[in-house]
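The values are calculated or read from the model by the stated rules, or taken from the named source; none is laboratory data. Remember, predicted model here, so these are calculated numbers, not experimental data. Note: ideal-geometry Cβ built from the backbone for every residue, glycine included; neighbour counts use all protein chains shown. Ligands, DNA and RNA are stripped out before the accessible areas are found, and what is left, the full protein with its side chains, is counted by its heavy atoms. Shrake-Rupley method; radii C 1.70, N 1.55, O 1.52, S 1.80 Å.
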Amino acid sequence: MASQKYTILYGRLSQEDDRAGDSNSIVNQRLLLERYAQTNGFENTLFLADDGYSGTNFERPSWKKIIEMIEADEVETLIVKDMSRLGREYLQVGQLTELYLPAKGVRFIAINDGVDSLVESSTDFNPIRNWANELHAKDTSKKVRAVKKLQAERGERLGGRPPYGYRKKSSDRKEIVPDEETAPIVQRIFQLCAGGKGPGQIARILTDEQILTPANYAYQKMGKSHNHMDTTRPYRWSCSSVTGILNNKVYLGHTAGLRSTSLSYKNKKLVRKPESEQVIVENTHPALVSQELWEIVQDVRQHKKRIPKQMEEPNLFSGLAFCADCGKPMVLHRASTMKKTKYNFTCYTYGKWGKSECSSHHIKEDELCKIVLDDIRRITHFARMKERQFAAYINQKNSKELRREMNALQKELDAMHKRDGELSALFKRLYEDHVLQRITAEQFRMLSADYNTEQKALQEAIPEKEARLEKQKASTASVEAFIEKAKRFTTIDKLTPELVRLFIQRIEIGARPPKGSHFAQGIKMIYRDIGCTDSEMEPGECPPQHLLPPIPPVEELAKMLA
């Protein structure tokens with residue numbers, strides 16, 4: 001028996017086949033194959049099966065073992081229930097049955113299809129059978145995708161293990177609820193990021209505090225592991241793990257379905273779908289972070305830049321401070337050889353092109369921090385103490401500014417749409433001239449290239465302008481939201497990235513006045529929810545914190561609040 005070759009009895013069952021009923025089950029396939037082998041005198045049989053594997057996937061454990069045995073010349077006969085058990089990929093099944101198995105001297109039998117490689121006529125219809133089996137796999141794939149899409153649109157979770165920070169609700173395996181042990185860790189990760197820490201810094205903090213990584217936590221709680229899990233270092237957090245948490249909208253209480261897909265029913269390689277093609281269903285489970293905190297974190301991450309370790313303090317105004325004249329960002333200059341009191345912002349345009357394009361708009365970092373801190377204290381103080389008068393003033397002021405900005409944006413959009421239409425008409429006439437040979441091919445190529453370039457730029461810019469206009473329409477001063485935020489911060493001792501981005505939308509730095517001038521450097525503060533307060537402040541002239549008087553030219557506001 002040791003030298004005798006095997007008769008392999010092979011069974012396969014995919015998840016879709018399992019739904020079809022018991023006739024395809026692995027147990028039934030084994031009974032059928034063993035009965036056939038016994039009836040027809042096949043000896044030294046060995047049953048191997050792959051359960052839960054698609055017929056288009058030939059990377060199955062038992063099938064790979066069969067190939068190894070064939071290569072070792074240990075197989076005499078291969079018997080399956082029908083051709084579809086071997087596979088549902090037309091070309092590969094044909095290559096196996098028509099070329100590979102005959103070349104290796106292996107007899108192939110498909111019982112229900114009446115195929116026996118020793119009987120030449122029995123294989124005549126194999127190409128048709130294989131083609132039909134592949135069509136079945138393609139049709140099944142379409143149906144499965146349709147079901148998955150319907151489930152995603154209903155907000156059902158399509159994955160297995162709950163995201164870190166959640167656990168399955170005992171009464172409903174598809175419903176998730178906050179995990180008492182890990183939910184606070186997720187919330188702390190968001191708070192650390194809002195405070196200016198990057199994913200790498202957060203990962204080091206969690207590692208130092210000996211907090212189990214998501215993979216090792218799941219392994220210890222549920223016994224589930226994956227290939228890349230490192231059980232020897234269960235507390236070593238990676239930057240990618242933190243980034244994955246900070247990017248996951250599941251913590252807002254939303255379910256993102258269809259986040260990945262396979263290339264085709266034949267190629268099972270998973271590819272990540274862009275967010276625009278994912279199905280987002282909101283408020284499907286309890287949120288771990290607020291929308292406000294989420295937006296602050298995304299804003300911090302978008303503008304955070306790497307800084308040397310000796311200067312760990314984040315740039316509080318990254319993505320917020322701009323030149324009042326050219327509109328370009330203000331660049332923070334730091335160096336290990338500089339004193340902290342000398343750190344300063346200058347205009348990006350000035351730094352790149354010099355005074356021929358703009359002036360430096362120079363301002364020290366600590367001076368800007370004092371001005372912003374003082375103004376936030378002043379405005380939030382007014383908002384808390386005189387809610388009704390504050391709301392009336394802001395609504396009256398912002399309604400005029402908002403209408404002016406919206407009108408300007410609408411005019412720009414109208415002009416862009418008009419030009420887009422003109423370019424389409426010009427290109428059409430140009431094409432007609434080319435066909436009628438009124439212009440040369442070279443002229444057509446040059447002119448059409450120019451028109452296409454201009455039109456492409458317009459078509460990219462129009463959606464951005466439309467989005468800005470919609471944002472303006474939706475951003476009619478939400479004074480109530482600002483007042484609620486102000487009430488949460490009765491004492492503001494120092495600036496943090498979270499605090500700055502919670503209140504400030506934009507800071508515009510004016511030109512530095514000449515030495516000896518009695519004019520102040522203009523600094524325009526634009527707040528979230530309420531817009532600009534029209535205050536211009538001079539660096540270094542911050543009033544005592546306990547007095548918090550109004551800063552000119554906001555006398556009007558001071559009178560209303562008196």
*Asp493 exposed (fewer than 12 other Cβ atoms within 10 Å of the Cβ) and either within 30 Å of Asp414 (Cβ to Cβ) or modelled with pLDDT of 80 or more (or both)*: yes
*Just checking, which of Thr346, Thr341 is assigned to a helix (DSSP H, G or I), touching a residue at least 12 places away in the same chain (Cβ under 8 Å) and of a type in the set (Ser, Thr, Tyr)?*
Thr341
*Just a yes or no: is a residue in region 94-104 of a type in the set (Ser, Thr, Tyr) and modelled with pLDDT of 90 or more?*
yes
*Can you give me the number of residues within region 1-23 that are modelled with pLDDT of 70 or more and surrounded by 14 or more Cβ atoms within 10 Å (Cβ to Cβ)?*
10
*What number of residues in region 496-517 are over 16 Å from Glu313 (Cβ atoms) and open to solvent by less than 50 Å² (accessible area, probe 1.4 Å)?*
10
*Here are some residues: Lys524, Lys494. Which one is more than 31 Å from the chain's Cα centre (by Cα), in a strand (DSSP E or B) and touching a residue at least 60 places away in the same chain (Cβ under 8 Å)?*
Lys524
*Residue check: is Ser424 in a helix (DSSP H, G or I) and either modelled with pLDDT of 85 or more or exposed (fewer than 14 other Cβ atoms within 10 Å of the Cβ) (or both)?*
yes
